[in-house]
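The values are calculated or read from the model by the stated rules, or taken from the named source; none is laboratory data. Not measured: the values here are computed from a predicted model. Here Cβ is always computed from backbone atoms with ideal geometry, including for glycine, and neighbour counts include all displayed protein chains. Just the protein is used for accessible areas: all its heavy atoms, side chains included, with ligands, DNA and RNA removed. Shrake-Rupley method; radii C 1.70, N 1.55, O 1.52, S 1.80 Å.
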Amino acid sequence: MAADIDIHELIARFNANERLRQSSHFSKSVYKDEPIMRTGRQMTSYLPDRYRQMRGISRWQERSPESRGHWLSEAELFYRQARFMEDFEDDCPYHGSFASYYPTYNDMSDRQLRGYFTWRAAVRRGEVAEAPKSFAYVYLYELINGIGTENPLDGYHKIRSFWESFRAFAP
């Protein structure tokens, strides 16, 4: 039965086949040191560098050499991370749940973050779909902080438009 074949064995077979390796689909000049195929598990655990950089924004902020630094509040950290991710888009839908009382990026797993930025990209294109309510709150927090807006009036219009669409899912 085909389902009994181990995916790693199948990938090894493809990579070992000389005829396939010499075809234009497996060109050595294009795919020389990089695996061509990945398992589903490898793809679901993939995290673009932008997320690592965002998570690397430190809560501890240094001041001058003469004075000590300080810890950022959760709100300040969220704002700095949101500014960093303002124009970022992803393409990795998330169909799970996410619930947090005052949600921020820090409350999300890597998979939830990817799903949020995928969902947000669609919302910005005018495609408001059902999502965890906490995604909606994070999006609204961004708009309140001027993330993805041109000015306060544009932010208000985006909040109102989002409310009119999203209330179909969360009255």
Exercise. In this structure, does A129 turn out to be at pLDDT 95 or above, open to solvent by 20 Å² or more (accessible area, probe 1.4 Å) and farther than 17 Å from R50 by Cβ?
Worked result: yes
Exercise. With respect to A122, is the statement that it is under 20 Å from R167 (Cβ atoms) and at pLDDT 95 or above true?
Worked result: yes
Problem set entry | Failed item, numbered, when A82 is tested on (1) of a type in the set (A, V, I, L, M); (2) assigned to a loop (DSSP other than H, G, I, E, B); (3) in contact (Cβ under 8 Å) with a residue 60 or more places away in the chain | (2)
Problem set entry | Tally, over region 145-161, of residues that are within 19 Å of T104 (Cβ to Cβ), open to solvent by 20 Å² or more (accessible area, probe 1.4 Å) and part of a helix (DSSP H, G or I) | 1
Exercise. In the set F98, F14, which member is at pLDDT 95 or above, in contact with a helix residue (DSSP H, G or I) (Cβ under 9 Å, 6 or more places away or on another chain) and either outside any helix (DSSP H, G or I) or surrounded by 11 or more Cβ atoms within 10 Å (Cβ to Cβ) (or both)?
Worked result: F98
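Quick one: is P65 open to solvent by less than 30 Å² (accessible area, probe 1.4 Å) and out of contact with any helix residue (DSSP H, G or I) (no Cβ under 7 Å at 6 or more places or on another chain)? If you could, list the steps in order and put the result at the bottom.
Details: open to solvent by less than 30 Å² (accessible area, probe 1.4 Å): no; out of contact with any helix residue (DSSP H, G or I) (no Cβ under 7 Å at 6 or more places or on another chain): yes.
So P65 does not fit the description; no.
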Exercise. Here are some residues: E89, E164, E142. Which one is under 23 Å from S58 (Cα atoms) and part of a helix (DSSP H, G or I)?
Worked result: E142
Exercise. Could you count how many residues in region 128-148 are touching a helix residue (DSSP H, G or I) at 6+ places or on another chain (Cβ under 7 Å) and more than 16 Å from Q81 (Cα to Cα)?
Worked result: 4
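Could you pull out the residue among R63, R55, R83 that is within 20 Å of the chain's Cα centre (by Cα) and at pLDDT below 95? Let's see the steps before the verdict.
Details: R63 fails: within 20 Å of the chain's Cα centre (by Cα); R83 fails: at pLDDT below 95.
That would be R55, the only listed residue that is within 20 Å of the chain's Cα centre (by Cα) and at pLDDT below 95.
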Seminar exercise, completed: Filtering region 130-171 for residues that are farther than 18 Å from P103 by Cβ and not acidic (D, E) leaves a count of 15
